[in-house]
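Asks: So that we are looking at the same thing, I have put the structure below in structure tokens.
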Ligand code: IVH
């Protein structure tokens, strides 16, 4: 590379990286590999560190977010953010079209047809080609300043491209979570037993209001733009202005179409009513807008919405299908959930075979009888929902679905806790799905993160009789594992190493892993902080526990009950003896970061600044995962001295980056703490 001074190199890298972001996130046409992109980004990060005078809040390095957001400032909108009049009927769209024609007194007019994106609206302000502020809709008059979070959405230009933009303008659009990302996030949440987002809209708005922009950056939001406002717009019509915005770097949907007549409008609606299912993002309808800005001005606004636009909403997708039977399924906490097993039916592009009925009250409210024809809906929701029964199709002698009185797995009579909707199986230590479910929870990524044991292996270990509770995991031997179907020396080794590494998992995760009812990861962190040692926690009284902020009496009671049971005490003591972290010490969650979130490492060789085990712990503490053998899925090989030649060869042939100690420490932000001699 020819010599360039660092200041110029910084500017050059910023331009290059902005362009690569645009190619990747807006055009979907990357021109360089992810590795090459990361290399350029790291180079820029390093140079920016060395040259703080070159600081720029719009630098591509700022798109990774930070944890420092303290809250959102409320900002008044320059133009109020109104909503759109909407309808579900094509006739009403035709009426609107006729009203527009009358109002503009026979002048020629065009309509722009576009998607109604189902996310959360955002208003961006640009000055001199730079993003200065991003504000949510809020109450329409004022919203939250979410600029830092918006900057992490890589398809949003921080600096505009090309030329011809007004000195100041506002652009509005919709922040979205693409289906693929939504499904990924929800399956991660399901695995961690966190509440699922009902639809991508909730996921997008929830994400945008998160206080950690670093977490926002992780969530893969996207944004489409559909409305340009300002005193000096380049064109006198909406369509051309949006095409100009596209040239400045904004993501403007290709679906935006100029329509000449009412027939065009109707066929646009009919076409997209079904074709929208193929789109990568959620839409809940179409928006039709008068194209000419002058005509828009003449038509004006009602108090709530513009007269020059209307939204046509797609009807919720609904299907009618036969109930085969209701199964009753037992979770790790003993809660029995009724599930409708259905004749398979196609709904919003997926085949639905099952839908949760949640609890007894829902069965009764919907009045579901055996073999009823049920309405299943998806609407914007990904999770199918039973919304009704077609009673005309019911057999005369069909019986109302009765909730089971005994546990379908172990036969124990069910109990219903007062004030709760669910029935529970109280046989915590003898009911197979509860035990297997607790083992599965224990090994999960956000819990003890045991590499080599997933849902299937947990079940297999339980079925084989080797693991009857979570403490049994630590007694597993190589020989026992090798006898299991599908296990070879490598998979056995992986499980044993996974168990070994889990001994380093911090105390709060151990608490979370125990499956104490009502103790999720957030509560576990609070409990670990207030009772920094397991013995303190085990002897804590209900009043002491509920004195901790955010721990209510129900959680407190649940913890006391858990530790009053001799079986649990024995399990915890065995886990302690196995070497798990049972006190906060320096492993407390405060030392945790998500810098290596989702990245897997294979450690090999010997090291000088920390021991191998310490590095394994550092990987875990920063959200990464230790794996024992190199595969396509490995993100990094962390190599010390004397790394085995076969590992080196494999890493090289698979193109997996090999990092050394200094690079690793830089990744976790500890490069400055190294003492060199
Ligand atoms: S135009 C003055 N165009 O729908 C009206 N809105 O119900 C400006 N939306 O708050 C809005 N896609 O969040 C417009 N292509 C589109 C849209 C769209 C989605 C949302 C937007 C707005 C809501 C109105």
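What follows is calculated from the coordinates using simple rules that are stated; it is not laboratory data. Predicted, not measured: the structure shown is a model, and the values here were computed from it. Note that we place each Cβ from the backbone using ideal geometry, even for glycine, and neighbour counts take in every protein chain shown.
Asks: Okay, which of segment 93-112 sit inside 18 Å, backbone N to the point 7 Å along the Cα-Cβ direction of residue 267?
Replies: 94, 110-112
Asks: Rank these for me by crowding, 102, 337, 321, going from fewest to most other beta carbons within 10 Å.
Replies: 102, 337, 321
Asks: Quick one: 218, 612, fewest Cβ neighbours within 10 Å first, how do they rank?
Replies: Listed from fewest to most nearby Cβ atoms, that is 612, 218.
Asks: Right, something else. Put a dot 7 Å past each Cα toward the Cβ at residue 51 and residue 535; how far apart are the dots in nm?
Replies: 5.8 nm
Asks: Same structure, new question: Using Cα pairs under 8 angstrom and six or more residues apart, how large is the relative contact order of the chain, in percent?
Replies: Worked out over the chain, it gives 9 percent.
Asks: Assuming R0 = 60 Å, what is the FRET efficiency of residue 397 and residue 612, from their Cβ-Cβ distance, to the nearest 0.05?
Replies: E between residue 397 and residue 612, to the nearest 0.05, is 0.30.
Asks: Further question: Would you mind calculating the gained length between residue 82 and residue 576 on full extension (0.36 nm times residue separation, minus the Cα-Cα distance), in nm to one decimal?
Replies: Contour length minus Cα-Cα distance gives 171.9 nm.
Asks: Something else now. Output the relative contact order of segment 405-477, whole-number percent, from Cα pairs under 8 angstrom with separation of 6+ residues.
Replies: Across segment 405-477, relative contact order equals 19 percent.
Asks: If you don't mind, there's one more thing I want to ask. Would you work out the relative contact order for segment 94-195, in percent, from Cα pairs under 8 angstrom that are 6 or more residues apart?
Replies: Value for segment 94-195: 28 percent.
Asks: How much length is gained on full extension from residue 127 to residue 320, taking 0.36 nm per residue of separation minus their Cα-Cα distance?
Replies: 64.2 nm
Asks: Roughly how many Å is it from the Cα centre of segment 214-263 to that of segment 612-677, as a whole number?
Replies: 44 Å
Asks: Once every DSSP H run of n ≥ 4 in the chain is given -39500 (n - 2.57) and the sum is divided by its residues, what mean residue ellipticity at 222 nm do you get, rounded to the nearest 500 deg cm²/dmol?
Replies: -10000 deg cm²/dmol
Asks: Obtain the nm distance between the two label points defined at residue 33 and residue 662 by a simple spin-label model: each point lies 7 Å from its Cα along the Cα-to-C-beta direction.
Replies: Between residue 33 and residue 662, the simple spin-label model gives 2.4 nm.
Asks: Got a sec? How would 464, 564 order by Cβ neighbour count within 10 Å, fewest to most?
Replies: 564, 464
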